[in-house]
Structures are given as structure tokens and as C-alpha cells.
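Notes to accompany the following structure.
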Amino acid sequence: MPCTTILIGKKASYDGSTIVARNEDSPNGEFCPKRFVSRPAPKAGDVYRSVISHLEIELPEDGVRYTAVPNADLKEGLWEEAGFSARNVGMSATETLTTNERVLAADPLVHYDKEAGTPGGIGEEDMVTLVLPYMTSARDGVLRMGALLERYGTYEMNGIAFSDADEIWWMETVGGHHWIARRVPDDCYVTMPNQLGIDDFDLEDAFGRQEEHLCSADLREWMAANHLDLTIGVSAGHFNPRD
């Protein structure tokens, strides 16, 4: 079964909880055993090293202890997948997405180049480890993840969920360095399969009050420069990212 994510706002759940759930895909004939662990607070100054992309990132100072569900076999890295931190915030990463050639031509994915010794970007292997111990809220998780994507890039398209007691945010990567995110309305639930899910995005909100929408800093200019704004409503601030 492919990855499938369920997001439930606090007014759509029975007891007022925000709920995020996801299964990790398991192709036919393949099974990847997982573990449940409780991690101590990361040490400031420690260096995180990605197995797949050979990227090295120095860890910041404000980490706290957290739970995670890493791989039992670490040959491809931690893949911590999901968990909660001591700040009572949660994260689930990732739901694999797809994109098209026009987007990738405007912002290519960042792959590891073995011959040149150039590291790749971040991916599913890395995201929970680099963000969950440091985020203070669901919104803050989006912003921290976005900053990492803008700086280091990514080698794959992914959907990522962030939650706290009041909010759920859903984030999708767009190309190698760009991203968009929407707050899940409190009275709604979302079923998210392996595909780009956000079908309406408000640029005016993302570059204004940022109440329900967030995005990479240059998204609007990047879309215009590369003629990616194909939706009729884009002039009014709204567009369909699937287009």
C-alpha cells in the first residue's frame, strides 16, 4: 500500500484533539522493520550526516527530547518518520509527491554527485531529525523546514505534516528549493495519498497576514519568471498548485 496520510482538525475530531496519522508504504514483497525510540535532546554543535545525500548540517542549540520511529536497519540512514517532542508538537514526514518537467527545469532537484563530491539536499531520511526537536509549534515547524529547503534544497518531492494542540499544517515541496503550506481548517479532515494535494493556494495571504498559507520567500516571483502561474484566478491571488 502506498503512503497515505490522514489529517483531522480539532473541531472535526470526537474529543477536540488534532490528529495526524500515516502509514509508510510497503511495495510488494518488501518490508522495512521500524523501531520506536525516545531520543534525548540533541547536543548543540553536533553534526548530522545524511547517508543518502552525504550532506552535513551542524545542529542548533534549542533542541529538546522527542520520540521517533526510525528504521531498524540503518543502511539508508535514520528515516525517523514521525514523532512528538517534549514541547507537545508532532511531525510526520513524508508523503511522496510528484511534479513535472517545467517545474524541475525552473528549480532542479538537488542530487548527490559522487564524482564531484557535491552533497545532495535533504529528504525523507533527514526531515524529522532536523526539525522535530527544534520546532515550537506546527507553524514554526513549517518555517524551520522551509528554511532548510531554501538553503540546502531537496532531492525528492514530499508532503509533510506538522501538528500541535491547536493547529495542523500541511506542507508540500515544489521543485528543489520551493515549498507551499496550508493550515488544515479546524472543522475539516484531509485524506492525502501519494500526490500533490493542495488544490487552492492564496498568495495574498502567504505574502500578507499568513493566517492560513505560507510559502518560500520568492515563490510569487519565481512562478512569474518561469511562467508557472497557469490558473485563471492567479491574478486575484489564488492559484491551483496542481496546475
Quiz prompt | Residues being more than 11 Å from the chain's Cα centre (by Cα) and buried (at least 19 other Cβ atoms within 10 Å of the Cβ) - total across segment 141-154 | solution = 2
Exercise. Name the one entry in Ala206, Ala217, Ala161 that is open to solvent by 50 Å² or more (accessible area, probe 1.4 Å), modelled with pLDDT of 95 or more and of a type in the set (Gly, Ala, Ser).
Key: Ala217
Quiz prompt | Residue in segment 1-23 that is nearest to Trp170 (Cα to Cα), counting only those that are open to solvent by 60 Å² or more (accessible area, probe 1.4 Å) and at pLDDT 95 or above | solution = Ile6
Practice problem: Could you list, in sequence order, all residues of segment 122-140 that are among the small types (Gly, Ala, Ser), more than 10 Å from the chain's Cα centre (by Cα) and open to solvent by less than 20 Å² (accessible area, probe 1.4 Å)? | Solution: Ala138
Quiz item: Is it the case that segment 182-196 has a residue that's at pLDDT below 95, under 15 Å from the mean Cα position of the chain (by Cα), hydrophobic (A, V, I, L, M, F, W, C) and crowded, with 19+ Cβ neighbours inside 10 Å?
Solution: yes
Practice problem: Being touching a residue at least 24 places away in the same chain (Cβ under 8 Å), over 16 Å from the mean Cα position of the chain (by Cα) and open to solvent by 60 Å² or more (accessible area, probe 1.4 Å) is the filter here, so list the residues in segment 94-104 that pass it. | Solution: Arg102
Quiz prompt | Every residue from segment 24-34 that is loosely packed, with under 13 Cβ neighbours inside 10 Å and either under 21 Å from the mean Cα position of the chain (by Cα) or of a type in the set (Phe, Trp, Tyr) (or both) | solution = Ser26, Phe31
Quiz prompt | Enumeration of residues in segment 220-237 that are open to solvent by 70 Å² or more (accessible area, probe 1.4 Å) and at pLDDT below 90 | solution = Leu230, Ile232, Ser235, Ala236
Quiz item: Hey, among the residues in segment 35-45 that are free of Cβ contacts under 8 Å to residues at least 40 places away in the same chain and among the basic types (Lys, Arg), which one's surrounded by the fewest Cβ atoms within 10 Å (Cβ to Cβ)?
Solution: Lys43
Self-check item: Residue pairs meeting the criteria (Cβ under 9 Å; at least 6 apart or on separate chains; first more than 13 Å from Ala41 (Cβ to Cβ) and modelled with pLDDT of 95 or more, in segment 59-70; second open to solvent by 30 Å² or more (accessible area, probe 1.4 Å) and β-branched (Val, Ile, Thr))
Solution: none
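The values are calculated or read from the model by the stated rules, or taken from the named source; none is laboratory data. These numbers come from a predicted model, not from an experiment. For neighbour counting, all protein chains shown are included, and Cβ atoms are generated from backbone atoms with ideal geometry for every residue, glycine included. These accessible areas exclude ligands, DNA and RNA; they are computed on the full protein's heavy atoms, side chains included. Shrake-Rupley method; radii C 1.70, N 1.55, O 1.52, S 1.80 Å.
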